[in-house]
Amino acid sequence: MGTILLNNLADRLQGQSNASLLIGNKHFYTTNYQVHRRAHWTSTIRMMPVECFNGQNLKDEHGGQGVLNYYTSNTSDYSFIFPLLDWQAINGITVEHRIPLERCSNEPSSLIRLSFVGGVSDGEYEMTMMDTATHSLTTQRSWHFYDDAIIALATNLTVKTRNFAWTTLTSRRLSHSQITIGFFHSTIITLPNGFYSLSYNSESSLNTCWPNKY
């Protein structure tokens, strides 16, 4: 059985057309990372903890707060995205927006770490859950993974300040067709495929928010 699995892995890595499909679900309990694979798409979700070492991962305060990535075959949705990425609008997270990112250092952090986080998997399907907290925001969230859908739920969302509670549905490159962009002053514009420059200022009320926000 081990030899068969290794041969199947080698076939997939080499892109052979007759390679067996890798379909199933796996939750990595130590790192709270989950992978859900189907024939034509793959999804991953990353939860606590968040760590940074040796001056790396400095902007990834929200990188463990339910980051939900979705991949399809023969696409490059995330290629070269990091220079453009808003680190307060990563796929799937619910956070307070327009506040400075927590500095990554060896000093004591003001971030709240809630202990209820994890998932259950039967190897095919999964339910993942996490109590989320970011500064003055708390909420309870869960994700449910099926053959043709991912259902994300949230309840008991509380923000103790006047900051925005912001949920990002998708943050990726869209290389074709149109894209709809919303601004905080309620203006919505639709742009055709092309190259555009949109200003960003952490104190401005005219910043763009990600597609599907509205």
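In table form, for the structure just shown:
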read-out: Total residues in segment 137-166, condition over 14 Å from Gly119 (Cα atoms), in contact (Cβ under 8 Å) with a residue 60 or more places away in the chain and of a type outside the set (Asp, Glu); value: 9
read-out: Residue match in segment 134-148 (condition: assigned to a loop (DSSP other than H, G, I, E, B) and at pLDDT below 80); value: no
read-out: Residues within segment 155-188 that are in a loop (DSSP other than H, G, I, E, B), of a type outside the set (Lys, Arg) and either at pLDDT below 75 or not assigned by TED's automatic domain parsing to the domain that holds Leu137 (or both), tallied; value: 12
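Results for (1) assigned by TED's automatic domain parsing to the domain that holds Gln140; (2) modelled with pLDDT under 85, shown as yes or no for each residue.
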position: Leu9; (1), (2): no, yes
position: Gln16; (1), (2): no, yes
position: Phe28; (1), (2): yes, no
position: Ala39; (1), (2): yes, no
position: Pro49; (1), (2): yes, yes
position: Gln56; (1), (2): yes, yes
position: Leu68; (1), (2): yes, no
position: Ser73; (1), (2): yes, yes
position: Leu84; (1), (2): yes, yes
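The values are calculated or read from the model by the stated rules, or taken from the named source; none is laboratory data. Quick caveat: nothing in here was measured; it's all calculated off a predicted structure. All Cβ positions, even for glycine, are placed from backbone atoms using ideal geometry, and neighbour counts span all protein chains on display.
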